[in-house]
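Values quoted throughout were computed directly from the atomic coordinates according to the rules given, and no laboratory measurement underlies them. Note that the coordinates shown come from a computational prediction; the quantities given were computed from them, not determined experimentally. Using ideal geometry, Cβ is built from the backbone for each residue, glycine included, and neighbour counts are taken over all protein chains shown.
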Amino acid sequence: MTEPLHSSAAPLVGVVMGSDSDWRVMSDASQALTDFGIPHEVEVVSAHRTPDKLMSYAREARARGIRVIIAGAGGAAHLPGMLASMTPLPVVGVPVPLAYLDGMDSLLSIVQMPAGIPVATVSIGGARNAGLLAARILGVADPALADQMEAFSRDLEAQVEAKNERLKE
Ligand code: RP5
């Protein structure tokens, strides 16, 4: 059984990344989940350095109660696609920008999945949206969470209108 580095009680979302160096980006996904009170775990799983762990994580996640996996990786970012190939759970991919190529290599590595193995790819560095998308997916079967997401959207709307009002002052 794969042991996560950090986990809250009965995690519903697995936040995984190819290296601890990805945490500077991926912490935004964890924070979004925390903001909505969604129990989750955080784990470094590398497609290239820990391939056996990648397989066990993907194959055991559903049985452990995980419902959505958020996977971030940089460079030759095979992690989200490989996870998606070994689990029926929805996988959200986060292209992590590195020093070279501005994250375009990560994006292209993740986004062009062959038909049959979907990965929902967010923007380069878009880990917060990955967390919010996971919350929306869970909200399909959790009306209270869906209500929270609606309230969050209304709050964003109110913030924009408040800025508009300030512009007019
Ligand atoms: C990828 O290689 C990781 O996801 C990370 O973005 C990148 C560099 O890893 P480190 O060399 O910083 O550990 O697999």
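For this structure, a couple of remarks:
- For region 77-86, the count of residues that are part of a loop (DSSP other than H, G, I, E, B), without any contact (Cβ under 8 Å) to a residue 40 or more places away in the chain and within 11 Å of the ligand (Cβ to nearest atom) is at least one.
- Condition check for residue 16: surrounded by 24 or more Cβ atoms within 10 Å (Cβ to Cβ) and either within 16 Å of residue 110 (Cα to Cα) or of a type in the set (S, T, N, Q) (or both): yes
- Consider region 19-35 and keep the residues that are more than 16 Å from the ligand (Cβ to nearest atom) and crowded, with 17+ Cβ neighbours inside 10 Å. The one that is farthest from residue 65 (Cα to Cα) is 32.
- For first residues located in region 47-60 and over 13 Å from residue 84 (Cα atoms) and touching a residue at least 24 places away in the same chain (Cβ under 8 Å), partners that are surrounded by 14 or more Cβ atoms within 10 Å (Cβ to Cβ) and of a type in the set (Val, Ile, Thr) and lie 6+ apart or on another chain with Cβ distances below 6 Å form the pairs 53/45.
- Residue in region 133-154 that is part of a loop (DSSP other than H, G, I, E, B) and farther than 20 Å from residue 61 by Cβ present: no
- If the condition is being touching a helix residue (DSSP H, G or I) at 6+ places or on another chain (Cβ under 6 Å) and in a loop (DSSP other than H, G, I, E, B), then region 39-49 contributes 45, 47.
- Any hit, region 50-73, residues being within 13 Å of the ligand (Cβ to nearest atom), of a type in the set (Gly, Ala, Ser), in a loop (DSSP other than H, G, I, E, B) and buried (at least 16 other Cβ atoms within 10 Å of the Cβ): no
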